[in-house]
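Chemist: The following block contains the structure, expressed as structure tokens.
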Amino acid sequence: VEEKDTSFFFQFDFNKELFGMPLRGNVGLRYVKTEQSATGYQAAGGGTEVTVVQTYEDWLPSLNLSLAVQPNFYVRFAAANVMARPSLGNLTPGGSINTTGNLTITSGNPYLQPFRATTFDASFEYYFPKGGLIGVGLFYKDIGTYVQSLRTNVPFNQTGLPISLLPSNFTGDEIFQVTTPINTEGGPLKGFEINWQQPFTFLPDKWSNFGTLFAYTRVYSKIDYVTSPTNSAVITEDLIGLSPESWSGTFYYDGPKFDARVSASYRKAFLTRVPGQNNNDVEGKNSTLNVDFKIGYNITKQIEVSFEGTNLTDEFNDQFIGRDRNSPVVYHHTGRQLMLGARFTY
């Protein structure tokens, strides 16, 4: 696969006042031309080498604004059309066949269009003295073009591939799981996030070296996933790989010779495949709560020793199939990890 990208942009920066409040930002427009050439062995070619060429163009306007309502309170807004090209590995017209164990065929799609979306973001940020911050962000993204992996179970003799690609003991009637990326219409994604950063500099003596960090995100997404290449039926589900809810928190001490922190992060169950295998609706990974810590001590200006631990809650890699019945597919245990280290600088 070869790709040639050409682009140019115009951007206008400004710094004005709005009702006596400082307003700065920029407005711009980017033009992008993408030229792709993909060569491989495609089913439609009877196992012969084929080359597919495609070209597409995008005009991507953007706007960014920052209003200083008070010296320590900012309101920000951004809007843009954005695009992200599919990975080059998804664009080849060729693929691979597995005839041992699970029978699978994986092929690319040289006609894939990029991810495209219209995005809107707003945030409200209040800054405390000496590094403190509390912020609330709102976001909305209209995903107009999405890339989905479509999996279907079909007999090999209906794939268009030559039977000579199979071992001699195969008849061609064997059922293979065929996976290929396709474009779909996507859907909306919206949500909010909260960030709080607070050094305890208002406390006396060594207590002022303590501090905390906290972040919370809630996302609502409704993506249309195609279920079959032969009909228009869709499944409307969450965006793959995105947890509807997540949060993280850190409590730390940062002194001149000694530092320590303990962190916790939670991620709600999320989807990894839609539709799922074997006529299931979805596949995913169940929620996790991870707790980690790190302690460091500077023996001298050049020598530092540290002790840290990860996955103190002993979380499992717990993957499921079927949203309602939550049947286990993978249940891997890796355990806690404790690490002792030293660092020398010169």
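Chemist: If you take the charge dipole of the chain about its Cα centre, with +1 on Lys and Arg Cβ and -1 on Asp and Glu Cβ, which of LEU239, PRO155, ALA79 is farthest toward its positive end?
Modeler: ALA79
Chemist: If you take the C-alpha gyration tensor of segment 165-318, multiply each eigenvalue by 5 and take the square root, what semi-axes do you get, largest first, in whole Å? Kindly include the intermediate steps, with their values, before the conclusion.
Modeler: Details: eigenvalues 455, 98, 26 Å².
Its equivalent ellipsoid spans semi-axes of 48, 22, 11 Å.
Chemist: Still on this model: What chymotrypsin sites (Phe, Trp or Tyr not before Pro) in segment 1-107 are in a loop by DSSP, with at most 16 other Cβ atoms within 10 Å of the Cβ? Show your work: numbers first, answer last.
Modeler: Details: sites: PHE8, PHE9, PHE10, PHE12, PHE14, PHE19, TYR31, TYR41, TYR56, TRP59, PHE73, TYR74, PHE77; in loops: PHE19.
Passing both the DSSP loop test and the Cβ count: PHE19.
Chemist: OK, next. If N is the number of residues in segment 95-245, what value comes out of its Cα radius of gyration divided by 2.2 N^0.38 Å? Intermediate results must be reported in sequence, preceding the final value.
Modeler: Details: Rg = 24.8 Å, N = 151, 2.2 N^0.38 = 14.8 Å.
My calculation over the Cα atoms of segment 95-245 gives 1.68.
Chemist: At a Förster distance of 35 Å, what's the computed FRET efficiency of ALA78 paired with GLU35, Cβ-Cβ distance as r, to 0.05? Before the final figure, lay out the partial values.
Modeler: On the way: r = 29 Å, r/R0 = 0.84.
It comes to 0.75.
Chemist: Springs between alpha-carbon atoms under 10 Å, Gaussian network over the chain: tell me which of PRO71, PRO93, PRO114 tops the mean-square fluctuations.
Modeler: The residue that fluctuates most here is PRO71.
Chemist: Let me ask you something else. Which value, in nm² and rounded to one decimal, describes the direction-averaged projected area of the C-alpha convex hull of segment 1-137?
Modeler: Working: hull surface 53.8 nm².
Mean projected area for segment 1-137: 13.4 nm², to one decimal.
Chemist: Still on this structure, I have one more. In bins 10 Å wide, starting from 0, what share of all Cα pairs of segment 113-193 does each bin hold, as a percent?
Modeler: 15, 23, 18, 16, 13, 8, 6, 1
Chemist: With N set to the number of residues, divide the alpha-carbon radius of gyration of segment 78-148 by 2.2 N^0.38 Å and report two decimals. Let's see the in-between values first.
Modeler: Working: Rg = 20.8 Å, N = 71, 2.2 N^0.38 = 11.1 Å.
The value comes to 1.87.
Chemist: Measuring from label point to label point, each 7 Å out along Cα→Cβ, what is the ASN26 to ASN326 span in nm?
Modeler: 4.7
Chemist: On to the next question. Relative contact order for segment 98-194: what percent, with Cα pairs under 8 Å and sequence separation of 6 or more? The partial results should precede the final answer.
Modeler: Details: 175 pairs, mean separation 36.4, N = 97.
Relative contact order comes out at 37 percent.
Chemist: Mind listing the Cα extents of the chain along all three principal axes, in Å, largest one first?
Modeler: 80, 54, 48
Chemist: When ranked by the protection proxy of mean other Cβ atoms within 10 Å per residue, highest first, what sequence do the peptides 194-201, 337-344 form?
Modeler: On the way: 194-201: 16.2, 337-344: 9.9.
Final packing ranking: 194-201, 337-344.
Chemist: Taking 0.36 nm per residue of sequence separation and subtracting the Cα-Cα distance, how much length would be gained by fully extending the chain between PHE128 and ASP173, in nm to one decimal? Before the final figure, lay out the partial values.
Modeler: Working: separation 45, 0.36 × 45 = 16.20 nm, distance 6.90 nm.
Full extension of this stretch gives 9.3 nm more.
Chemist: Could you pull out the pairs from LYS257/LYS294; LYS206/LYS294; LYS190/LYS268; LYS16/LYS190; LYS222/LYS285; LYS268/LYS294 whose alpha carbons sit more than 21 Å apart here?
Modeler: Working: LYS257/LYS294 14 Å; LYS206/LYS294 19 Å; LYS190/LYS268 17 Å; LYS16/LYS190 31 Å; LYS222/LYS285 18 Å; LYS268/LYS294 24 Å.
Too far apart for the 21 Å limit: LYS16/LYS190; LYS268/LYS294.
Chemist: In a Gaussian network model over the chain where Cα atoms closer than 10 Å are linked, find which of ASP142, ASP254, ASP324 has the largest mean-square fluctuation.
Modeler: ASP324
Chemist: With a cut-off of at most 10 other beta carbons within 10 Å, and DSSP calling the residue loop, which trypsin sites (Lys or Arg not before Pro) in segment 269-320 qualify? Please list them. Don't jump to the answer; show the numbers that get you there.
Modeler: On the way: sites: ARG273, LYS285, LYS294, LYS301; in loops: LYS301.
When the trypsin sites (Lys or Arg not before Pro) of segment 269-320 are filtered for loop state and at most 10 Cβ neighbours within 10 Å, LYS301 remain.
We did not get these values from a lab; they are worked out from the coordinates using the rules stated. Note that this is a predicted model, so its numbers are computed, not measured. Virtual Cβ from ideal backbone geometry, glycine too; neighbours counted across all protein chains shown.
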